There are 2 protein chains.
Amino acid sequence: MSKVEKLKQLAFKEKGFDAFLITDQINMLYLSGFPGAACLLLHRNGDDMLYVYNVNYERAKEEVKDFHVVLVKRSEDLMKEVASCITNLRIGKVAVDVLSYENYRSLADSLRSRAMLKMQGKLLWELRKVKDKAEIELMRKAGELTSKGIKTAYETIRPGVREYEVAAEIEYAMRKCGSCGTAFDTIVASGSRSAFPHGGCTDREIQEGDLVVVDVGAVYRYYRSDMTRTVVAGRPSEKQQKIFEIVREAQARAYEAVMAEVTAKYLDGIARKIIEDAGYGKFYVHGLGHGVGLEVHEPPTLNQESNDKLVVGNVVTIEPGIYLPGFGGVRIEDTVLVQKGKAEKLTKGPYVLHTQL
Amino acid sequence: MSKVEKLKQLAFKEKGFDAFLITDQINMLYLSGFPGAACLLLHRNGDDMLYVYNVNYERAKEEVKDFHVVLVKRSEDLMKEVASCITNLRIGKVAVDVLSYENYRSLADSLRSRAMLKMQGKLLWELRKVKDKAEIELMRKAGELTSKGIKTAYETIRPGVREYEVAAEIEYAMRKCGSCGTAFDTIVASGSRSAFPHGGCTDREIQEGDLVVVDVGAVYRYYRSDMTRTVVAGRPSEKQQKIFEIVREAQARAYEAVMAEVTAKYLDGIARKIIEDAGYGKFYVHGLGHGVGLEVHEPPTLNQESNDKLVVGNVVTIEPGIYLPGFGGVRIEDTVLVQKGKAEKLTKGPYVLHTQL
């Protein structure tokens, strides 16, 4: 079944909706493969319509095969256009993925109670969080490219180099091998800034003995990857090495437990207990990980508040960390594919703290 | 006046609101300078509160000076937290920048009519579209970095090179000079794909005689830039040169007319008339340009549907184009700063069609 057929099965057959309005850019990309649509209206009994503005119309006509491409003019109000289509087709129950409050009001007002709207964004996530074979191939490739980026980080980081210079080399290495930009803003956070989990990337010069957290992701045909390594510019101190070993152990044990049917809360607990037992629990200030796909943060969510249970085809990050304010931080992260047996690492790289291998 | 004071003046003094809830990431960055907040609540009579999750709490405590930083737990419902704060402070009229329909319902339900919510996102745009001196300095720097990227495009494009390889060199050149990533996905669209205004960047090998549209933007301290040049890999044909000259003329005349008090519609009309008079009107499938700042597409909008009038401090793109399906396209774009007199070009580069200067 195609992705659209699966969504129709869920929304129309199982939930009784007559149409599904998709407005989120990534949801549209997921269902249509086309990156520049204005909205998508799936219909139980009729044509599925992809609305496209003039600027992307020629490209859509050439690339979009499975939908009726409808030209929208900038002078037209998109929500009114959709409302008049829903009214003309006598559609009763409309599922919607996401809408701003203002667009919801505009659509509902134009429909004047002739159709019922209901937010059903979770159905899209049900589909998107289980990757199919073709998606997994793209994510493997994104993982390979990301691993090349991390390799470059190990080769580049040394005292005297600036954080953004390291990012430049990492991104260039990934890009030259075919990465389509970056999955998120590259983090190269050194010294005490490495204690900020989202420490960004500044023009700071890396100093001898700094902890440097490098968090990077490549993109391959819209699919993303996510990987972190922490390295010391020079010889690690005993305390740096100790924290590293704790995080390394937490990451390794959590990864070994990743498997279909395991709960997110259980997995998070494995890494958390190791860090807590070592006395650093309050310095582990985030969850174990998150899903990755067309977006870098997707369901399922791996933390203590999550009710998610892993299934075959989930792709998630495993990324515990310890962050000591004023001292620095350590995080180790891989993107992994959930399978029946042992999970497959999509990102691969050494787990070493020093740059001189 | 600081940005927050200006917003308070508009929302509280002029419009009579008691509080302003900001949830958009970029609006929060604009007002606070901090890139990782959960939401911001400005209050007429009290402390302004920046809500931050644990993962960014230490960084916020260190970097945020003008707001009371409030830690939110992942287990808490952010909208309920905000509602209880609004209720406790006996706030009556709350302006909101943006909310999804679902968050709006959650907030309104928690407030149970004890406060009135009104969407006022346009007030933020009123501020954001007029850049102050400090913002203009950052945008000048972003423009310089972008111009280096385009210079690299001219040096790199030749038959046999792949589109993404050109993008790799452009992005590397900008990054090494201090760009913080890219303002948007770099476009290197060659051959017939150059006829798609948003043609992306594929692994296609550039052929002798191809039109290549290169659309690129650097980022400097969160401020973006946007620039396009079109080049031919080799010697341009007569038809390529002719289309180029028309677009060049349209871009130059529109740029010369950019000035405070001029309407967006008038500016768009200048470029459009030149292209229409040359017989290519129906192949100019988008507007003249858009505002640029913390986002790459902002108000004001320069097209025939726009009611915007330019004011000193606007930063806009001027980017007419002609796109001939199956043949290829030409677009020329600069980012310019609106002043009382002649506009200042923030992006600078030659207007030539061939790569051998």
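The values are calculated or read from the model by the stated rules, or taken from the named source; none is laboratory data. Just so you know, these numbers come straight off a predicted model, no measurement behind them. Neighbour counts are summed over all protein chains in view; Cβ atoms, including those assigned to glycine, are modelled from backbone coordinates with ideal geometry. Accessible surface is based on the protein model in full, side chains and every heavy atom, while ligands, DNA and RNA are left aside. Shrake-Rupley method; radii C 1.70, N 1.55, O 1.52, S 1.80 Å.
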Checklist entry - Among helices (runs of 4 or more DSSP H) lying entirely in the range A:118-183, which contain 2 or more residues that are closer than 22 Å to A:PRO300 by Cα? => result A:121-128, A:133-156
Checklist entry - Any chance the range A:330-349 includes a residue that's within 14 Å of chain B (Cβ to nearest Cβ) and either modelled with pLDDT under 95 or open to solvent by less than 30 Å² (accessible area, probe 1.4 Å) (or both)? => result yes
Next on the checklist: Among the residues in the range A:198-213, are any within 17 Å of B:ALA167 (Cα to Cα) and either hydrophobic (A, V, I, L, M, F, W, C) or open to solvent by less than 10 Å² (accessible area, probe 1.4 Å) (or both)?
Outcome noted: no
Next on the checklist: Within the range B:270-287, take every residue that is more than 14 Å from every other protein chain (Cβ to nearest Cβ), open to solvent by 30 Å² or more (accessible area, probe 1.4 Å) and assigned to a loop (DSSP other than H, G, I, E, B) and give me the one that is farthest from A:LYS73 (Cα to Cα).
Outcome noted: B:ALA278
Checklist outcome for this item: Among the residues of the range B:43-63, the number that are among the aliphatic types (A, V, I, L, M) and in contact with a Leu (Cβ under 6 Å, 6 or more places away or on another chain) is 2
Next on the checklist: Looking at the range B:61-75 only, could you name the residues that are within 12 Å of chain A (Cβ to nearest Cβ) and loosely packed, with under 15 Cβ neighbours inside 10 Å?
Outcome noted: B:LYS61, B:LEU71, B:LYS73, B:SER75
Next on the checklist: Among (1) modelled with pLDDT of 95 or more; (2) open to solvent by 10 Å² or more (accessible area, probe 1.4 Å); (3) among the polar types (S, T, N, Q), there is one condition B:GLN356 misses while meeting the rest; what is its number?
Outcome noted: (1)
Next on the checklist: Condition (residue is under 30 Å from A:ARG204 (Cβ atoms) and surrounded by fewer than 24 Cβ atoms within 10 Å (Cβ to Cβ)) applied to the range B:185-192: is it met by at least one residue?
Outcome noted: yes
Checklist entry - If a residue has to be open to solvent by 30 Å² or more (accessible area, probe 1.4 Å) and either without any contact (Cβ under 8 Å) to a residue 40 or more places away in the chain or not assigned by TED's automatic domain parsing to the domain that holds B:LEU42 (or both) to count, how many in the range B:85-105 make the cut? => result 7
Checklist outcome for this item: Sole miss for A:VAL82 among (1) open to solvent by less than 40 Å² (accessible area, probe 1.4 Å); (2) free of Cβ contacts under 8 Å to residues at least 12 places away in the same chain is condition (2)
Checklist outcome for this item: Those residues of the range B:244-269 which are without any contact (Cβ under 8 Å) to a residue 24 or more places away in the chain and under 18 Å from B:TYR323 (Cα atoms) amount to B:GLU245
Item to check | Given (1) under 18 Å from A:ARG74 (Cα atoms); (2) touching a His at 6+ places or on another chain (Cβ under 9 Å), index of the condition A:ASP48 fails | outcome: (1)
Item to check | In the range B:308-333, residue farthest from B:GLU137 (Cα to Cα) [restricted to those that are β-branched (Val, Ile, Thr) and part of a loop (DSSP other than H, G, I, E, B)] | outcome: B:ILE332
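Taking the range A:37-57, which residues are under 16 Å from B:GLY287 (Cα atoms) and either open to solvent by 20 Å² or more (accessible area, probe 1.4 Å) or away from chain B (no Cβ under 14 Å) (or both)?
Let us first name the residues in the range A:37-57 that are under 16 Å from B:GLY287 (Cα atoms), namely A:52-57.
Within the range A:37-57, A:TYR53, A:ASN54, A:VAL55, A:TYR57 meet the criteria.
Any residue at all in the range A:341-351 that is without any contact (Cβ under 8 Å) to a residue 60 or more places away in the chain and in a strand (DSSP E or B)? Lay out the reasoning, then the answer.
Filtering the range A:341-351 down to residues without any contact (Cβ under 8 Å) to a residue 60 or more places away in the chain leaves A:344.
Filter once more, keeping what is in a strand (DSSP E or B): A:344.
Yes - at least one qualifying residue is present in the range A:341-351.
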Checklist entry - Looking only at residues in the range A:70-95 that are assigned to a strand (DSSP E or B) and within 24 Å of A:LEU123 (Cα to Cα), which one is farthest from the chain's Cα centre (by Cα)? => result A:LYS93
Checklist entry - Among A:ASN88, A:ASN103, which is the only one that is within 13 Å of chain B (Cβ to nearest Cβ) and either out of contact with any strand residue (DSSP E or B) (no Cβ under 6 Å at 6 or more places or on another chain) or not hydroxyl-bearing (Ser, Thr, Tyr) (or both)? => result A:ASN103
Checklist entry - Can you find a residue in the range A:15-27 that is touching a residue at least 60 places away in the same chain (Cβ under 8 Å), of a type in the set (S, T, N, Q), open to solvent by 10 Å² or more (accessible area, probe 1.4 Å) and within 13 Å of chain B (Cβ to nearest Cβ)? => result yes
